[in-house]
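Data block below; observations after.
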Amino acid sequence: MKIRTGFVSNSSSSSFVISKANLTTEQIEAIKNHISLSFAPEDIEANRWDEWEIIESAFNISGQCSMDNFDMEDFLLSIGIKEEHIKIDKNG
């Protein structure tokens with residue numbers, strides 16, 4: 001039998017990338033403001049730990065997180081982004 005000692009974590013990381021050519025200006029803004037759009041104003045600070053790091057370049061918008069409690073894929077679909085435009089990687 002193997003026994004693991006030391007730090008054990010059940011967290012996981014995830015990332016996504018979407019070509020900006022497949023997004024509207026409103027969808028880009030929604031991705032950048034995903035926490036404020038997903039939680040009531042009084043709950044935003046309590047849910048900051050769910051926030052993804054969003055990176056915008058000239059051609060893409062991407063995001064990454066080390067603890068993927070916020071279901072970004074569902075959020076992206078809910079704001080009208082087509083599934084075939086989402087490239088998501090879940091490491092865990």
Worksheet entry | Odd one out for residue 14 among (1) in contact with a strand residue (DSSP E or B) (Cβ under 7 Å, 6 or more places away or on another chain); (2) at pLDDT below 90; (3) assigned to a loop (DSSP other than H, G, I, E, B) | (3)
Worksheet item: Is at least one residue of the range 18-39 part of a strand (DSSP E or B), under 13 Å from the mean Cα position of the chain (by Cα) and at pLDDT 95 or above?
Response: yes
Practice prompt. Those residues that are of a type outside the set (Lys, Arg), in contact (Cβ under 8 Å) with a residue 60 or more places away in the chain and either assigned to a strand (DSSP E or B) or over 13 Å from residue 32 (Cα atoms) (or both), I need them from the range 50-92; list them, please.
Written response: 81, 85, 86, 88, 89, 91, 92
Worksheet item: Restricting attention to the range 34-92, and to residues there that are surrounded by 16 or more Cβ atoms within 10 Å (Cβ to Cβ) and small (Gly, Ala, Ser), which single residue is farthest from residue 12 (Cα to Cα)?
Response: 38
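The values are calculated or read from the model by the stated rules, or taken from the named source; none is laboratory data. Just so you know, these numbers come straight off a predicted model, no measurement behind them. Heads up, the Cβs are rebuilt from the backbone with ideal geometry, glycines too, and the neighbour counts pull from every protein chain shown.
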